[in-house]
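Colleague: To start, I am sharing the structure in question, which I have written as structure tokens.
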Amino acid sequence: MTKLYLIRHAEAEGNLYRRIHGQYNSLVTDNGYRQIDALGERFSSIPLDAVYSSDLFRSVTTAKAISDPKSLPLITQPELREIHMGVWEDKTWGEMDLKNSASMQLFVSSSPQWRVAGGETFAQLRRRASTAFLQIAKHHPDQSVAIVTHGTAIRYARAAFQGLPLEESRTLGHSDNTAVTMLEISGDKITDVFSDDNSHLNPEISTLAQQGWWKQATGTSPDENLWYEPLDLSKMPHRGLYYASRREAWMDLGRDMSWFERQNYMEKAEACSQKSPEYLMTVLRRNTIVGLLQLDPEVGKEEGVGYISFFYMLPEHRGNGLGVQLMGQAISTYRPMGRTTLRLACGEDNVSALKFYERYGFRKIGERQEPFGTINILEKYIGY
């Protein structure tokens, strides 16, 4: 009898920033590394003969917590990758749900009719993943093997092993990051000993414990997922929104308003949007603007920096965990440009913002003095 431990990778950027990362090669989050530590502890006393992983960064990084302490070679296979999402790759779930709602409903219902240009179908994924798992089992008769792979790949392979129709795959639910499923394979018999077990994670580091989208009957909650559109400063409502947002951010900190008018914010915003519309974006929750994101790719360019000029959520939309998704948009813009670091400036008097940035991996690298106070310079590494 062969034992297969199927393990979903640790929390990665797509999970945190609510972006569609099938075969997009995303990084593990800070919280994901905490999950990896917990997973490594769980497997420290479990005997293994081999460790496999998909060749994507988030899986390889997770798998090393198991293979390295046991001095086992890590075997990577592209066949263990997540489903390829085609033209949806690195788009936000919020945008796809709003602009491609019919296709999204096919996706969340595991419909055989779901198709995306350049991507795989569910049937193709099911065949690829289940075949890969069985081939690994065949190469390790009567041994124990850990396979670090991806949530959708695990779900559809399990459905195949249980003989479920394709559209019933969704009934198997969602696995937490680093959750473990154990199969016993003896001849043609495949037994689910346990599935989606995340008992090694406490609620503070469990991804699913911090998010609610997976609890919805449809498998997705559009209100949790943001998307982005260019802010057109030639339109008075947009121009007024930008000015009012900048002003509110200044007033919220109780700063001297005479210095606000000297900042030339509007000129800088116009310069950014003229370079590319993606450098000045509205942040939307369904059809409601909830924030603004302004990028300036010229600041720190020679150092490989992607600079964030304005990171803003409207007051009524703060404190609900959505703001972190703006980081994902900045990364999605800057990483293809070869930038390996995000940088921004935050006033020392903006205590809540400083705590927010620190929580998500920003670290202080310097400061500058302004007439209205000390400004901290913060950075976050986004390279491989």
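Colleague: In the range 226-381, what percentage of the DSSP-assigned beta bridges are antiparallel, given to the nearest 5?
Modeller: In the range 226-381, DSSP labels about 90 percent of beta bridges as antiparallel.
Colleague: With a point put 7 Å past each Cα toward its Cβ, work out how far S234 is from S103 in nm, to one decimal.
Modeller: Distance between label points: 2.9 nm.
Colleague: Tell me, how many Å apart are the Cα centres for the range 140-178 and for the range 1-34?
Modeller: Rounded to whole Å, the Cα centres lie 15 Å apart.
Colleague: Subtract the Cα-Cα distance of K70 and D37 from 0.36 nm times their separation in residues, and report this length gain in nm to one decimal.
Modeller: Length gained between K70 and D37: 10.4 nm.
Colleague: Starting from one equal scatterer on each C-alpha and no solvent at all, send me the Debye-based log10 I(q)/I(0) for the range 102-237 at q = 0.09, 0.11, 0.19, 0.22 Å⁻¹, two decimals.
Modeller: Computed log10 I(q)/I(0) values: -0.36, -0.51, -1.22, -1.43.
Colleague: Under a point spin-label approximation (7 Å from Cα along Cα-to-Cβ), what is the A209-Y360 distance to one decimal in nm?
Modeller: 2.1
Colleague: Using a Gaussian network model of the chain with C-alpha springs under 10 Å, which one of Q135, Q143, Q325 is most mobile by mean-square fluctuation?
Modeller: Highest fluctuation among the options: Q135.
Colleague: Among R19, R318, R126, whose mean-square fluctuation peaks in a Gaussian network model of the chain (Cα, cutoff 10 Å)?
Modeller: Per the Cα network of the chain with a 10 Å cutoff, R318 tops the list.
Colleague: Calculate, in nm to one decimal, what E302 and D349 gain on full extension: separation in residues at 0.36 nm each, minus their alpha carbon distance.
Modeller: So the chain would gain 14.0 nm between E302 and D349.
Colleague: Suppose a student asked you for the relative contact order of the chain, using Cα pairs under 8 Å spaced at least 6 residues apart; what percent would you report?
Modeller: Relative contact order for the chain comes out at 16 percent.
Colleague: Taking the Cα centre as origin and putting +1 on Lys and Arg beta-carbons and -1 on Asp and Glu beta-carbons, what dipole magnitude results for the range 86-150, to the nearest 20 debye?
Modeller: 240
Colleague: Using only Cα atoms, tell me the angle between helix 122-139 and the longest principal axis of the chain; keep it within 0 to 90° and round to the nearest 10.
Modeller: 50
Colleague: Starting from the alpha-carbon convex hull of the range 71-172, give the projected area averaged over all orientations, in nm².
Modeller: Orientation-averaged projected area of the Cα hull: 7.7 nm².
Colleague: Which entries in K268/K301; K70/K364; K64/K91; K91/K275; K99/K301 show an alpha-carbon gap greater than 27 Å?
Modeller: K70/K364; K64/K91; K99/K301
Colleague: If I take the Cα coordinates of the chain and project them onto the principal axes, what are the three extents in Å, biggest first?
Modeller: 78, 44, 35
Colleague: For the range 2-217, what is the convex hull volume of the alpha-carbon atoms per residue, in Å³?
Modeller: 108
Colleague: Want the number for S199 to K268: 0.36 nm per residue separation, take away the alpha-carbon distance, what's left?
Modeller: 19.9 nm
Colleague: Moving on to the next point. Over what distance in Å are the Cα centres of the range 341-357 and the range 183-204 separated?
Modeller: 42
Colleague: Divide by every residue of the chain the summed helix terms, -39500 (n - 2.57) for each DSSP H run of at least 4, and state the resulting mean residue ellipticity at 222 nm, rounded to the nearest 500 deg cm²/dmol.
Modeller: The helix-only estimate for the chain comes to -9500 deg cm²/dmol at 222 nm.
Colleague: Quick one: Debye curve from the C-alpha atoms of the range 226-381, no solvent, what's log10 I(q)/I(0) at q = 0.12, 0.17, 0.19 Å⁻¹?
Modeller: Here the Debye-derived log intensity ratios amount to -0.49, -1.07, -1.40.
Colleague: Placing +1 on the Cβ of each Lys and Arg and -1 on the Cβ of each Asp and Glu in the chain, which of G94, T131, Q23 has its Cα farthest towards the positive end of the resulting dipole?
Modeller: T131
Values quoted throughout were computed directly from the atomic coordinates according to the rules given, and no laboratory measurement underlies them. All figures in this text were calculated on a predicted structure; none of them were measured in a lab. Positions of Cβ are generated from backbone atoms using ideal geometry, with glycine treated the same way; all protein chains shown enter the neighbour counts.
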